[in-house]
1. Distances longer than 16 Å among the Cα atoms of the range 46-114: what percent of all pairs is that?
2. Could you work out the helix-only [θ] at 222 nm for the chain, with each DSSP H run of four or more residues adding -39,500 (n - 2.57) and the total divided by the number of residues, to the nearest 500 deg cm²/dmol?
3. Given charges of +1 on the Cβ of Lys and Arg and -1 on the Cβ of Asp and Glu, with all other atoms neutral, how large is the dipole of the range 35-101 about its Cα centre, in debye to the nearest 20?
4. Quick one: putting +1 on the C-beta of Lys and Arg, -1 on the C-beta of Asp and Glu, what dipole do you get for the chain around its Cα centre, in Debye to the nearest 20?
5. Please give the net charge around His25, taking every other residue with its beta carbon less than 10 angstrom from that of His25, where Lys and Arg add +1 and Asp and Glu add -1.
6. Among Leu60, Val108, Gly40, whose Cα sits farthest toward the positive end of the charge dipole of the chain (+1 at Cβ of Lys/Arg, -1 at Cβ of Asp/Glu, about the Cα centre)?
7. What number comes out for the charge environment of Lys110, summing +1 per Lys or Arg and -1 per Asp or Glu over other residues with Cβ under 13 Å away?
8. So which trypsin sites (Lys or Arg not before Pro) in the range 13-84 end up in coil per DSSP with only 11 or fewer other C-beta atoms within 10 Å?
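What follows is calculated from the coordinates using simple rules that are stated; it is not laboratory data. Fair warning: this is a prediction, and the values are worked out from it, not measured in the lab. Every residue, glycine among them, receives a Cβ derived from its backbone with ideal geometry; neighbour counts consider all protein chains shown.
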Amino acid sequence: MSPASPAALQTAEVEPPRERPRIYHVATSFVCDRETCELGEDYPELQKIERAYRLLEQRLERAPAVLHARQAIKSAHRLSEGLADTRHDASFGAVLSLAEDAFAEARVVKIARR
């Protein structure tokens with residue numbers, strides 16, 4: 001039996017997959033109020049939400065060129081409008097901007113834990 005045979009690979013000990021460390025963001029400033037620290041710590045997650053929103057927005061903009069059925073095109077258009085309205089009503093852009101400022105002010109650092 002050669003070392004590269006499937007039977008040899010099955011009997012070899014397999015290392016368990018390494019656990020990925022969990023990433024936390026922690027404010028290190030002692031002069032900021034609690035709300036500013038928490039908002040700064042939330043900024044990386046808010047950035048991920050913003051990125052996902054932009055990707056969905058781009059996909060919905062391209063949808064009319066790809067979709068054929070009138071009903072599907074209308075539905076994609078309504079979804080795009082609804083998301084834009086909801087984003088505006090939630091003041092997400094303003095919150096993201098405040099979180100970015102708080103991130104710098106609170107001197108947020110990344111910590112990895114297992």
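1. Distances greater than 16 Å cover 61 percent of the Cα pairs.
2. It lands at -21500 deg cm²/dmol.
3. Result for the range 35-101 is approximately 840 debye, rounded to the nearest 20.
4. Dipole size: approximately 580 debye.
5. Once positives and negatives cancel, what remains is -2.
6. The residue sitting farthest along the positive end of the dipole is Leu60.
7. Charge balance near Lys110 sits at +1.
8. Filter output for the range 13-84: Arg18.
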